[in-house]
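Written below as structure tokens is the structure these notes are about.
The values are calculated or read from the model by the stated rules, or taken from the named source; none is laboratory data. This is a predicted model, so every value here is computed, not measured. Glycine gets a Cβ as well: all are built from the backbone with ideal geometry, and neighbour counts include every protein chain shown. The area values use the complete protein model at the heavy-atom level, side chains included, leaving out ligands, DNA and RNA. Shrake-Rupley method; radii C 1.70, N 1.55, O 1.52, S 1.80 Å.
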Amino acid sequence: MASTEPQSTLDAVPEPQSTTAPAPTTTTSTTTTSTTLPTSIVILGGNLAGLGVLHTLARHTIPALQRLPSQPQYKITLITPNSHFFFKPASPRALIHPDLLPGGEKHIFRDLSDAVKQYGELVTVMKAYATDVDTSKKEVTIKHVDTNSHSDSAEGTSAVRYDALIIATGTKARSAAWTMPGQGTEGLHAAEDATKREWQGIRTKLKNLQAGTHPHHSILIAGGGPVGVETTGEIATLLKAMGKTEGVTITLLSGTDRLLNRNCNESLGRKAEAYLKKNFGSLVEVKHGGIKVVSVCDSVIEGGEQTETTVELSDGTSRTVGLYIDATGGSGNADGFLPTTWLDASSRVITKDDFFRVRGSGSAEETDHQADGIYAVGDVVSGSDNTLISTNFQVPVVCSSIGVDLAAKILHPEGGEGQSSGVKLPAALKQKTFKNKMAGTLLVPIGPGGGVGQILGWGVPSLMVKAAKAKNFLVDMVEPAVTGSQWK
């Protein structure tokens, strides 16, 4: 899938060992007793990127490393505050039309045990989030979501040793509707509860609008990216199908000069706006001009049974609406545990090359050895286009980087360069280079009937968008992502 750098051809290697992590090996002599700990691989984040890395390491990288002469043992620790995997791409459909998703809403929330149970003792899941990384000790400090589990201190924190640390924490949105809360959600039984509560609140307000019992008949959606456009299409389709469009206006704030202003041709945004106008008429209005939301205030309407939302806008105006949905872009979810010098302005992790090794505090020309053994993958990577496609191309590359670096420690424990005579590196340990072979691809459903899109920069018809995504919002990808069959 991605290109590989050439490696020299040397002698054959032993057969792979089991990927089950054993207890530490103890070696005893007449003078000393030493304990060899398994190589510790820590993954922060348990969604698409994190699970992709876990499956690839467990199925390919670790078996390949265990074919090396020393036959080392390994342990993977997955650290996430969430007990479930959440298939975020399907959120707009699950929020408004869960009955149209195969398997319903519950299909996009999958227990993480479904992903890791196949690997036995090799993988441990810790329900926690990172609060600090000590590069001198090679430890991650974590805070446990359930304070009485896995904790060796009264504060519910502990340290996890790492030899390789993978940051796959994704992004954090202003609304829990689009991403499950992470850091700071220790009071929740499960972080997915916050997302479901947010969904239920939106659905309740939408029902009140449909029933005509709310004094405000307007809906304001902030964010002109794919999520905002898709959500607008889902709501407009619902209201139109139920004949509840009279007096209702859905306003979509692009926040820029057009819809879909990232990762696509300029014409795609114009096509999306034209699609909304053609299919929904005056029900939907799109506002440009860089108008952004300054503040949001919810208040209880007289009678106490319903609420209204007053939104202050950057052009000095304000709107009071029956339903406000924040679909603006998120920021990187790494500022709570990494130095700011490691991050860009959006709190995403800066990598030093196309192999997803973290740059640290150095420059592009300088090496910061404090970041050795630390990698980033997925939406949290600086410069990522925040698409499922890009993440899927990143995963094999970052896993190859981890494999190459761990193999080098085995073959050259003193830090020497070059390959050891008599050892041939398996294919899984050869460095891959990132290339998004589907760059310029974006499909944006605007209701179940179709939408707009482009593949490799070329526009595609609405019927293709319907068949490829609008019909089921890609939920057929959930099972392979969770079970790991995607990475076989």
Checklist entry - Using the Cβ atoms and a cut-off under 15 Å, what net charge is assigned to the surroundings of residue 313, where Lys and Arg are +1 and Asp and Glu are -1? => result -1
Item to check | Solvent exposure, largest accessible area first (probe 1.4 Å, DNA, RNA and ligands not counted), of 350, 325, 455 | outcome: 455, 350, 325
Checklist entry - Based on the alpha-carbon gyration tensor of the chain, what equivalent-ellipsoid semi-axes (square roots of 5 times the eigenvalues) come out, in whole Å, largest first? => result 45, 24, 20
Checklist entry - Considering only protein heavy atoms, what per residue accessible area in square angstrom results for the chain with a 1.4 angstrom probe? => result 44 Å²
Checklist entry - DSSP loop trypsin sites (Lys or Arg not before Pro) in segment 63-165 with at most 12 other Cβ atoms within 10 Å of their Cβ, which ones? => result 137
Checklist entry - Taking the alpha carbon gyration tensor of segment 228-268, what are the square roots of 5 times its eigenvalues, largest first, to the nearest whole Å? => result 25, 11, 7
Checklist outcome for this item: Helix 388-411: inclination vs the chain longest Cα principal axis, degrees, rounded to 10, gives 10 degrees
Checklist entry - How much of the accessible area of the chain, in percent, comes from carbon and sulfur atoms when a 1.4 Å probe is used? => result 51 percent
Item to check | Whole-angstrom gap from segment 451-488 to segment 432-450, using each part's C-alpha centre | outcome: 8 Å
Checklist entry - Cα axis of helix 226-241 to longest principal axis of the chain: angle in degrees, 0 to 90, nearest 10? => result 40 degrees
Checklist outcome for this item: Gyration tensor on Cα atoms of segment 52-162, a ≥ b ≥ c root eigenvalues, a/c under 1.5 rounded, else prolate if a/b beats b/c, else oblate, says oblate
Next on the checklist: Based on alpha-carbon centroids, what's the gap between segment 67-134 and segment 248-285 in Å, whole number please?
Outcome noted: 34 Å
Checklist outcome for this item: Taking 203, 348 and ranking on accessible area (1.4 Å, protein atoms only), highest first, one gets 203, 348
Checklist entry - Working from the pairwise distances between different alpha carbons, so that the mean of 1/r is found and then inverted, what is segment 196-246's Kirkwood radius in Å? => result 11.7 Å
Checklist outcome for this item: The answer for the longest stretch of the chain without any exposed GluC sites (Glu not before Pro) (DSSP loop, at most 12 further Cβ atoms within 10 Å) is 1-154
